[in-house]
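Data first, discussion second: the structure below is written as structure tokens.
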Amino acid sequence: MNDIEIQVIFESKNQPDREQIQCWVDAALDDYEQDTEIVVRIVDEQESAELNQQYRHKSGPTNILSFPADLPEGIELNLLGDLVICAPVLEQEALEQDKLLAHHWAHIIVHGVLHLLGYDHIDETEAELMENKEIAILNKLNINNPYSEAI
């Protein structure tokens, strides 16, 4: 089983519980060969903006930041990395995009885990591969394509 540590720095009434987050992480890791550890940190806009500036040199908060583990050789940990999720940004995006909040949370967590696994969306080919993987994982969770207009 995949082990997740959840750090709730910012709390809102519509945040998913541990069981939901575990389900979404496990779904994203379904094809991954080994059990792993992931830290999920739920933050406010200030912490997200500070991390976004520090690590991506972009101003303002963002929905999720993924930090793959970079362990020194010889360290035998199954740590995949950290996900830092800005709950207020996620909630605002769900409203603006007319999406169910729980579905948007699931999508963003799946998206972040795929980044930890090495997927990216820097160029069009990589983006298409990553989006198709996200759509397939979310489909298994009975969540519609997040890139389509409908909920």
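Here are some notes:
- Ranking of CYS86, CYS23 by neighbouring Cβ atoms within 10 Å, starting from the fewest: CYS23, CYS86.
- Length-normalised contact order for the stretch 3-140 - Cα pairs under 8 Å, 6+ apart - percent: 26 percent
- Within the listed set GLU19, GLU131, GLU50, the residue fluctuating most in the Gaussian network model of the chain (springs between alpha-carbon atoms under 10 angstrom) is GLU19.
- Note on the chain: with a GNM built from Cα contacts shorter than 10 Å, the maximum mean-square fluctuation among LEU80, LEU101, LEU129 falls on LEU129.
- Reachable lysines from LYS99, criterion Cα separation under 25 angstrom, eight or more residues apart if same chain: LYS13, LYS133, LYS140
- Around ASP31: net Lys/Arg minus Asp/Glu count, Cβ-Cβ under 12 Å: -1
- The relative contact order of the stretch 1-80 comes to 33 percent, based on Cα pairs under 8 Å that sit 6 or more residues apart.
- Lys/Arg +1, Asp/Glu -1 at C-beta; the stretch 38-110 dipole; positive extreme among GLY81, ILE42, THR62: THR62
Coordinate-derived values only; no laboratory data. Nothing here was measured: the structure is a model prediction, and the numbers come from that model. Cβ sites come from the backbone with ideal geometry, for glycine too, and all protein chains shown count toward neighbours.
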